[in-house]
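To start, the structure under review is shown below, and the notes come after it.
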């Protein structure tokens, strides 16, 4: 079966999600990967949204938002932000999450706030961005509090950069034990799943290295598409192809075909 | 208990003014928000607003697009799958509107702090990153030290941040149903409306449905906003349109894209206001403008069954009009 890069990225992200996990999902790819995992191999997954929508699965297509009626039509509980992002996430209770990134750096710091000609950290002052994005939403709370989380991003040199313009959601900051020094209760990002492969953090330096690549990509292509000196695992692997069942399941979840439109 | 029903025109005239700190809720980007109230603020020409909204929504997108917003504090400024908020982003990148970024969790924690009348809330999130180091209010300093100042946990010695608590002057909060006294039930996620209703100095509810207080007596656990903290109640059907209201209507996909595209330019915004903000005065004129065909489509929501337990208490349009007259009397 043929598939798109976006579908493969969602499947690979879903494979990182384990049965029984308490997981917070955002809109778009995050929900698709999470509900794919639930359908494919994690029937006891416990997904919820930032708004405290629990126990539901989408109806009628990909939800337009975390509070969309498509995700609210079969919930077992509606609570609120302080419960979902506070009591379950910032507290350190949540097992896993999937967040997106406009830019991600060598330590897994994510920018979803804006793009600057000259970023504030270089300029030494805060000027309006050239392009305003959305801000962190709940991703900052997730990045600080979740036991681990996954980052999904399109693998392009302008996105995979040495240092992001703005840290909206902290990964490992400047590496090493920087997270612990900030008192973060969560463990940090466990992987960056891109459109080309899987990057994981070095256990000591926390710099992300290439762990596996997709069959239609290569180590060279990924290094060329990465803005830092990307180290490669000595036993770098090819990510197993999607199975027919995985493709059937991702398309069941992505009933409106949003991942197939993106090539 | 006092009948607090008020027309949307009177509520905006009484509870909003130029230069105020205005809060709207739930401020979801796709779902619940007091959008009709924001449109009336546009009609009455409010300007120089300091807006506190948990997330961006079509309301702050419109208010910023017409140039009414001086400053905004927000956790997420976009419209989720409907895209970046073009009106707000245009105001921010042009320098017209200052934006203070927090996370979605932080906004809820700060409302909680305001509700408790605490001066600050300990911050374990939004620290050690640019939400702490970049301040729209103090742009000349990087890293900023006054936005989320560093404090020390007196028990462990751990370094934390301090969030400024939020006490907005007025909050206009959308609810699914309210009685005439200001008791309200919200279907779907509350987001931060519970804390917001206790943090704001004045609270105006904007309800899709007005119900008899018998409804509240049947489901008192679900009445999360109480009459005791509410100053005025406005009835406005399809209040959140073009966004959704859980149990009542879905988001209007076509209009969400159309409206946000219009917000991209000053001319588009002006044209939008002429067609979709200015023409109506009453709820029935507003519903006519949206059109019966569109309303039938939006109200055929998969969540409609959630309203079943409450239907017998819903006041008819005629009854609401009578109650409104009584409130004036």
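In segment B:51-68, the condition of being within 23 Å of residue A:139 (Cα to Cα), assigned to a loop (DSSP other than H, G, I, E, B) and in contact (Cβ under 8 Å) with a residue 60 or more places away in the chain is met by at least one residue. Considering (1) in contact with a strand residue (DSSP E or B) (Cβ under 7 Å, 6 or more places away or on another chain); (2) assigned to a helix (DSSP H, G or I); (3) within 14 Å of chain B (Cβ to nearest Cβ), the lone condition that residue A:32 does not fulfil carries the number (1). Scanning segment A:149-180 for residues that are more than 23 Å from residue A:120 (Cα to Cα) and within 14 Å of chain B (Cβ to nearest Cβ) turns up A:149, A:176, A:177, A:180. Number of residues in segment B:192-210 that are farther than 20 Å from residue B:310 by Cβ, buried (at least 24 other Cβ atoms within 10 Å of the Cβ) and within 14 Å of chain A (Cβ to nearest Cβ): the value is 4. When the residues of segment A:166-181 are filtered to those that are assigned to a loop (DSSP other than H, G, I, E, B) and in contact with a helix residue (DSSP H, G or I) (Cβ under 8 Å, 6 or more places away or on another chain), the one that is nearest to residue A:12 (Cα to Cα) is A:171. The sole residue among A:178, A:191 that is closer than 23 Å to residue A:102 by Cα and over 20 Å from the mean Cα position of the chain (by Cα) is A:178.
Every residue in segment A:98-144 that is closer than 30 Å to residue A:14 by Cβ, facing chain B (nearest Cβ under 8 Å) and surrounded by fewer than 24 Cβ atoms within 10 Å (Cβ to Cβ), please. Within segment A:98-144, just A:133 meets the criteria. Scanning segment A:40-56 for residues that are without any contact (Cβ under 8 Å) to a residue 24 or more places away in the chain and either surrounded by fewer than 16 Cβ atoms within 10 Å (Cβ to Cβ) or within 16 Å of residue A:258 (Cβ to Cβ) (or both) yields one hit, A:55. Filtering A:51, A:55, A:61 for residues that are in contact with a helix residue (DSSP H, G or I) (Cβ under 7 Å, 6 or more places away or on another chain) and on the phi > 0 side of the Ramachandran plot leaves a single hit, A:61. Residue A:223: under 28 Å from residue B:123 (Cβ atoms), at pLDDT 95 or above and assigned to a helix (DSSP H, G or I), yes or no? The answer is no for residue A:223.
Which residue is farthest from residue A:118 (Cα to Cα), if the candidates are limited to segment B:113-133 and must be within 8 Å of chain A (Cβ to nearest Cβ) and in contact with a strand residue (DSSP E or B) (Cβ under 7 Å, 6 or more places away or on another chain)? So the residue we want is B:124. For segment A:72-88, a residue qualifies if it is outside any loop (DSSP other than H, G, I, E, B), within 7 Å of chain B (Cβ to nearest Cβ) and farther than 15 Å from residue B:222 by Cβ, and the qualifying residues are A:72, A:81, A:82, A:85, A:86. Screening B:235, B:276 for residues that are surrounded by 18 or more Cβ atoms within 10 Å (Cβ to Cβ) and in contact with a helix residue (DSSP H, G or I) (Cβ under 6 Å, 6 or more places away or on another chain) leaves exactly one candidate, B:235.
Filtering segment B:17-52 to residues that are under 21 Å from residue B:195 (Cβ atoms) and surrounded by fewer than 24 Cβ atoms within 10 Å (Cβ to Cβ) leaves B:20, B:21, B:50.
Restricting attention to segment A:1-22, the residues that are touching a helix residue (DSSP H, G or I) at 6+ places or on another chain (Cβ under 6 Å), within 24 Å of residue A:95 (Cβ to Cβ) and not in a loop (DSSP other than H, G, I, E, B) total 4. If we scan segment B:309-327, do we find a residue that is within 30 Å of residue B:86 (Cα to Cα), in contact with a helix residue (DSSP H, G or I) (Cβ under 7 Å, 6 or more places away or on another chain) and at pLDDT 95 or above? Scanning segment B:309-327, I find no residue that is within 30 Å of residue B:86 (Cα to Cα), in contact with a helix residue (DSSP H, G or I) (Cβ under 7 Å, 6 or more places away or on another chain) and at pLDDT 95 or above, so the answer is no.
Can you tell me how many residues within segment B:115-139 are in contact (Cβ under 8 Å) with a residue 40 or more places away in the chain and either within 15 Å of residue A:170 (Cα to Cα) or surrounded by 24 or more Cβ atoms within 10 Å (Cβ to Cβ) (or both)? Final tally of qualifying residues: 1. Among the residues of segment A:226-255, those identified as over 20 Å from residue A:105 (Cβ atoms) and not in a helix (DSSP H, G or I) are A:234, A:235, A:236, A:237, A:238, A:239, A:240, A:241, A:242, A:243, A:254, A:255. Out of the residues in segment B:69-91 that are facing another protein chain (nearest Cβ under 7 Å) and in a helix (DSSP H, G or I), which is surrounded by the fewest Cβ atoms within 10 Å (Cβ to Cβ)? Among residues in segment B:69-91 that are facing another protein chain (nearest Cβ under 7 Å) and in a helix (DSSP H, G or I), the one surrounded by the fewest Cβ atoms within 10 Å (Cβ to Cβ) is B:81.
The values are calculated or read from the model by the stated rules, or taken from the named source; none is laboratory data. As the structure is a prediction and not an experimental result, all values here were calculated from the model. When we count neighbours, we look across all protein chains shown, and the Cβ atoms used for this are built from the backbone with ideal geometry, even at glycine.
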